[in-house]
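K.L.:
Quick one: the structure is below, and I'll ask about it shortly.
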Amino acid sequence: MKISTKGRYGLTIMMELAGKLGEGPTSLKSIAEKHQLSEHYLEQLIAPLRNAGLVKSIRGAYGGYVLSRLPEQITSGDIIRVLEGPISPVDFTEEDDPAKRDLWIRIRDSIAEVLDSTTLQHLISYEGDAKQDNYMFYI
């Protein structure tokens, strides 16, 4: 399974919001500038995250977005499923060879287990050898 820019940038948005928890709303413009991303593209990604109840929008001059739950209550699996759809390395049917089908199911379940056990809190708490401005994803 390959995660597209939707999933990667969606994780970036959510990690930024998690890192600024308690500081008030964060604008997409500030996230886009910090990570050198298109603000317009981030606007397209935030809508499904809001519709899924993962973020709330705050209107006004100092508005922006905040997490709707605590970082330890939102998993990377929640985010990836909203932006990428179901987690599956390949499409398979009941007619497929049972051995291959079992392999695909085990791979799918392993990926889902890692994504579902990795919270935003885990991601923002990770400290590698060198702290960088741009996030490196270790899932």
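Bear in mind these aren't lab numbers, they're just calculated from the coordinates by the rules spelled out. What you see is a predicted model; the values in this text were computed from it and never measured. So basically every Cβ, Gly included, is an ideal-geometry build from the backbone, and we count neighbours across all protein chains shown.
K.L.:
Which of Ala47, Ala61, Ala32 ends up with the largest GNM mean-square fluctuation for the chain, with Cα atoms connected below 10 Å?
P.N.:
Result: Ala61 has the largest fluctuation of those listed.
K.L.:
Further, regarding this structure: Scan region 1-67 for trypsin sites (Lys or Arg not before Pro) in coil per DSSP, keeping those whose Cβ has at most 14 other Cβ atoms within 10 Å, and list them by number.
P.N.:
Lys2, Arg59
K.L.:
Taking all pairs of distinct Cα atoms, average 1/r, flip it, and tell me the Kirkwood hydrodynamic radius of region 10-85 in Å to one decimal place.
P.N.:
Taking the inverse mean of 1/r over all distinct Cα pairs, region 10-85 comes out at 12.3 Å.
K.L.:
Mind checking which of Gly22, Gln36, Gln121 is farthest towards the positive end of the chain's charge dipole, using Cβ charges of +1 (Lys, Arg) and -1 (Asp, Glu) about the Cα centre?
P.N.:
The one lying farthest along the dipole's positive direction is Gly22.
K.L.:
Roughly how tilted is helix 98-116, in degrees to the nearest 10 and between 0 and 90, from the longest Cα axis of the chain?
P.N.:
The helix 98-116 is inclined about 20 degrees to the chain.
K.L.:
Please work out how many pairs of lysine residues in the chain are eight or more positions apart (or on different chains) and have Cα atoms closer than 22 angstrom.
P.N.:
Lysine pairs, 8 or more places apart or on different chains, close enough: 12.
K.L.:
Modelled label-to-label distance, Gln121 and Lys56, 7 Å Cα→beta-carbon offset: nm?
P.N.:
Result: 1.9 nm between the two label points.
K.L.:
What does the C-alpha gyration tensor say about the overall shape of region 52-121? Classify as rounded when a/c is under 1.5, otherwise prolate if a/b is larger than b/c, or oblate.
P.N.:
Because a/c hits 1.5 or more and a/b exceeds b/c, region 52-121 counts as prolate.
K.L.:
I've got another one for you. Charges only on Cβ, +1 for Lys and Arg, -1 for Asp and Glu: so what's the dipole of the chain about the Cα centre, in debye to the nearest 20?
P.N.:
I would put it at about 560 debye.
K.L.:
Tell me, what does the Kirkwood hydrodynamic radius of the chain come to in angstroms if you use every pair of distinct C-alpha atoms?
P.N.:
In the chain this quantity evaluates to 16.1 Å.
K.L.:
If you plug each phi of region 29-39 into the Karplus form 6.51 cos²θ - 1.76 cosθ + 1.60 with θ = phi - 60°, what whole-Hz ³J(HN,Hα) values come out, in order, with x for Gly and Pro?
P.N.:
For region 29-39, the Karplus-derived couplings read 4, 5, 5, 4, 5, 4, 9, 6, 10, 6, 4 Hz, x marking Gly and Pro.
K.L.:
Can you list the GluC sites (Glu not before Pro) in region 22-76 that are in a DSSP coil and have 14 or fewer other beta carbons within 10 angstrom?
P.N.:
Glu23
K.L.:
Next question. Tilt of helix 5-19 relative to the longest C-alpha principal axis of the chain, in degrees (0 to 90, nearest 10)?
P.N.:
Relative to the chain, helix 5-19 is tipped by roughly 50 degrees.
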